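Here's the structure we're looking at; comments come further down.
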Amino acid sequence: MSANLTFPKGGVHPPEAKGLTEKLAVEVMPLPDELELVLGMHIGAPCTPTVKRREEITEGAVIGDVKKGLGVPLHAPAAGSVKAIASSAHPMRVSTPSITIKTDPEAAPLTWEANGDWRNESAEALLGKVHDAGIIGIGGAGFPTHVKLKPPADNPVDTLLLNGAECEPYITADHRTMLEQAEAIVEGAKILLKILGIKTCAIGIESNKPDAISTMNAAVAAATEPAYDIRVETLEVKYPQGSEKQLIQAITGRKVPSLALPSAVGVVVHNVSTTKAVYEAVALGKPLIEKVITVSGRGINKPANLLVKIGTKVSDIVEYCGGCTPDLARIVLGGPMMGFAVSTLDIPVTKTTSSILFLTEDEIDTREMSNCIRCGWCLEACPMGLEPKEIGVYVEANRAEDTAQFGVFDCFECGSCAYVCPAKRPLVQLIRLAKMKAKRS
Amino acid sequence: MWNVSVSPHVRSNESVDKIMWTVVACLVPPLVLSIFVFGIQVLFITAASVLSCMAVEAISQKLLGKPITVRDGSAALTGMLLAFVVPPGVGYMTPVLGAVMAIYIGKHLMGGIGYNIFNPALLGRAFLLATFPVAMTSAWLPPMTDGALFTYMTGAVDAISTATPLAVIKEQGMVGFRDTYGSGMEVYASFFLGWKPGCIGETSGLLLVLGGLFLMYKRYITWHIPVSMLATMAVLAWLFGGETLFTGDPILHLVTGGALLGAIYMATDYVTSPSTKSAQLVYGAGIGALTMLIRLKGGYPEGVCYAILLMNPLSTVLDSWFKPKRFAGPAGGDK
């Protein structure tokens, strides 16, 4: 058996910590009393509300839309009434406009059923459904999916990649989705292939998920048809394997140029859970109103993989998961390598939330930083071949304007550099500061 | 109550402390052998060096208003290395003064750890060589084979003039060397195992190499600098070290003097050496070449100390010439 596919340069091996939740089947979280729908969940222009206070709404109704600019509509995840149009806490923006819905516990949840055969519809019509369902990259990027499915004419696409790597420690949401919804993912892949007008799809899965690999292989085999060429590729376990550029290089060998998009090398990448959402939107008419997230870490009493309504507050999830343990030290939305630490539980899940981690003191590293000792380990770890140590030292010396030469604009903040730094320097933070001031060369 | 910080929230177990103290630990076996070969005063010289380096660091940082970081082990390591490059017969004040130069001037006045241009231990040694030229070039002691630890402590430690192998080569040529030591594998073996006059840390090549292999296993150092330095030395020794071309003795030059100590522990110092592998190969080769130049053609019998100090300032330049390879260039360029 030949070695698994991987990217050759850089990368680190943080402890996987998936044992807490990888064997837990997805649980449906009971409907909370309130949902807070952030209006700016996707990359692009934020939604403006299309409902008013006290308005009664049904499950799946449009409550926000983007009139001008890049974006997708926002839907009510449950029936109820609009309690407020105000703002919610946000890990990056501190506070962000949102719609609060008071849910109706009496309302019967809708069952979304197949309405016609998507194969009879045109690529354009399918694309419209993807947009209308409010689908964005729910792996974490939040880019409107319908835009990714229409690459510019001068950069034709020949390969679709599905990202099942889930390389961040702790997170097992995509893993469970592949185990439990494999057929939906494969069908979603075919829909994406039809929209793109191509036939080749590769699904990349890290080798630490052997059950998902065999389940997806079986689903692909059971659904073979001559129009589509879908295969599963096993990837070496290495962070950041799930990063778009690294995934593309590992599976196809192509390198996306600096500051360019994957379409520049003829590839489009979609997360497996986004693909499942596309299937549900097109085949079942279901908008993006709920998603699977992982709740993990030793700081929560009952770790789980939960199917939650978008807009569910972290405080409600904490209560459902048995509360926090006394040695909780940090709460992270996302993975431990790139996720955002939050200071309040009063924060709602968005379409791009992949996990909520409750980490104890011995799961995190709070050691103080010291001077750069020029060991060069960050140069080895950086998957993009940049120079984090130089950027850090320049920022400390108030010369952030001159850091473009070290590749600061190619950095996607994966955290590999800071992970290996023996001097515990907050390199990602220093790089973010550099990006604010660096002059483009 | 929980806390917040910027990602990543998990980090590797390695730390500066762990690295420094591990290297210190790797130097303990050669130190122990040196005590058996040259006597117990080696322990006191080393202790004086380590403690004064740590004390000078604490005092320097206090005077400069900076947080005191002695616990990270870097000053202790400098102390060990400084002791390792002085002859075993020097007085106890010698390493103390060397510590002031190495730590206060060579490290903290330059900006503290990470900012020093020159290897602090070697800067200390160069200072001592200039300040105490007689002691630093003649306080050699013949190795004891009976392990009588207190031999050299009785009475004043007079400079028993025993020349080091490199001094014999410099003054009497290879002919004189063979007269004094003989030739063949036994000579190499006894030098490699530690039975020769020299500085405290130059004794056992074997123990130094074992320590180096352990550090490579831990990924604290890589082979690039030691191998490029020693290979360059070997080639140049073979080319130019004999009476005629191609008649030199490469092995002899690797097992004598500070070659192994310098290659494994001094030249590989993170702060003063380049960070990329290609730059490191050039750096190591440069040190090897300068060492042989000084050994064969210069006035001193040993060249490792100055060779490293001369290459130290070039580390930044070499790093800028050999940058890491980017994942991909901009669109339209190379694909």
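Taking the criterion of being over 24 Å from B:ASN13 (Cα atoms), within 10 Å of chain B (Cβ to nearest Cβ) and either buried (at least 23 other Cβ atoms within 10 Å of the Cβ) or at pLDDT 95 or above (or both), would at least one residue in the stretch A:363-372 satisfy it?
No, because not a single residue in the stretch A:363-372 is over 24 Å from B:ASN13 (Cα atoms), within 10 Å of chain B (Cβ to nearest Cβ) and either buried (at least 23 other Cβ atoms within 10 Å of the Cβ) or at pLDDT 95 or above (or both).
Restricting the search to the stretch A:316-339, which residues are within 7 Å of another protein chain (Cβ to nearest Cβ) and either touching a residue at least 40 places away in the same chain (Cβ under 8 Å) or farther than 30 Å from B:TYR220 by Cβ (or both)?
If the condition is that a residue be within 7 Å of another protein chain (Cβ to nearest Cβ) and either touching a residue at least 40 places away in the same chain (Cβ under 8 Å) or farther than 30 Å from B:TYR220 by Cβ (or both), then A:LEU328, A:ILE331, A:VAL332, A:PRO336, A:MET337, A:MET338, A:GLY339 are the ones that fit.
Within the stretch A:3-10, is even one residue of a type in the set (Ser, Thr, Tyr), out of contact with any Cys (no Cβ under 7 Å at 6 or more places or on another chain), farther than 20 Å from A:ILE356 by Cβ and assigned to a strand (DSSP E or B)?
no
Taking the stretch A:425-437 as the search range and keeping residues that are under 21 Å from A:GLU168 (Cα atoms) and of a type in the set (A, V, I, L, M, F, W, C), which one is nearest to the other protein chains (Cβ to nearest Cβ)?
Among residues in the stretch A:425-437 that are under 21 Å from A:GLU168 (Cα atoms) and of a type in the set (A, V, I, L, M, F, W, C), the one nearest to the other protein chains (Cβ to nearest Cβ) is A:VAL428.
Among the residues of the stretch B:269-279, are any among the β-branched types (Val, Ile, Thr) and more than 14 Å from chain A (Cβ to nearest Cβ)?
Within the stretch B:269-279, none of the residues are among the β-branched types (Val, Ile, Thr) and more than 14 Å from chain A (Cβ to nearest Cβ).
Give the residues of the stretch A:116-129 that are assigned to a loop (DSSP other than H, G, I, E, B) and surrounded by 15 or more Cβ atoms within 10 Å (Cβ to Cβ), sorted by residue number.
Result: A:GLU121, single match.
Among the numbered criteria (1) surrounded by fewer than 21 Cβ atoms within 10 Å (Cβ to Cβ); (2) under 19 Å from the mean Cα position of the chain (by Cα), which single criterion is violated by B:MET229?
Against the list (1) surrounded by fewer than 21 Cβ atoms within 10 Å (Cβ to Cβ); (2) under 19 Å from the mean Cα position of the chain (by Cα), B:MET229 comes up short only on (1).
For the stretch A:186-213, enumerate the residues that are among the β-branched types (Val, Ile, Thr), touching a strand residue (DSSP E or B) at 6+ places or on another chain (Cβ under 7 Å) and buried (at least 24 other Cβ atoms within 10 Å of the Cβ).
Correct list: A:VAL186, A:ILE203, A:ILE205.
Given A:GLU56, A:GLU113, A:GLU36, A:GLU106, which one is acidic (Asp, Glu) and surrounded by 15 or more Cβ atoms within 10 Å (Cβ to Cβ)?
Matching residue, one of A:GLU56, A:GLU113, A:GLU36, A:GLU106: A:GLU36.
Looking at the structure I just gave you, is A:CYS378 at the interface with chain B (Cβ under 10 Å from one of its Cβ atoms), modelled with pLDDT of 95 or more and outside any loop (DSSP other than H, G, I, E, B)?
Taking the combined requirement at face value, the residue satisfies it.
Tell me, which residue of the stretch A:386-424 that is among the charged types (D, E, K, R) and facing chain B (nearest Cβ under 10 Å) is farthest from A:GLY242 (Cα to Cα)?
Among those residues, the one meeting the criterion is A:GLU390.
The rows are residues; the columns are (1) surrounded by fewer than 24 Cβ atoms within 10 Å (Cβ to Cβ); (2) within 14 Å of chain A (Cβ to nearest Cβ); (3) within 16 Å of the chain's Cα centre (by Cα).
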{"residue": "B:GLY65", "(1), (2), (3)": "yes, no, no"}
{"residue": "B:ILE68", "(1), (2), (3)": "yes, yes, no"}
{"residue": "B:GLY79", "(1), (2), (3)": "no, no, yes"}
{"residue": "B:MET101", "(1), (2), (3)": "yes, no, no"}
{"residue": "B:ILE105", "(1), (2), (3)": "yes, no, no"}
{"residue": "B:LEU109", "(1), (2), (3)": "yes, no, no"}
{"residue": "B:ILE117", "(1), (2), (3)": "yes, yes, yes"}
{"residue": "B:ALA121", "(1), (2), (3)": "no, no, yes"}
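Name every residue in the stretch A:252-261 that is without any contact (Cβ under 8 Å) to a residue 24 or more places away in the chain, more than 8 Å from chain B (Cβ to nearest Cβ) and closer than 23 Å to A:ILE195 by Cα, in order of residue number.
A:ARG254
Only one of these is more than 19 Å from the chain's Cα centre (by Cα), closer than 30 Å to A:ARG330 by Cα and of a type in the set (D, E, K, R): A:LYS102, A:LYS67, A:LYS129. Name it.
A:LYS102
The values are calculated or read from the model by the stated rules, or taken from the named source; none is laboratory data. Every value quoted in this text rests on a predicted model; they were computed, and no experiment measured them. Counting neighbours? That spans all protein chains shown, and the Cβs are built from the backbone with ideal geometry, glycine included.
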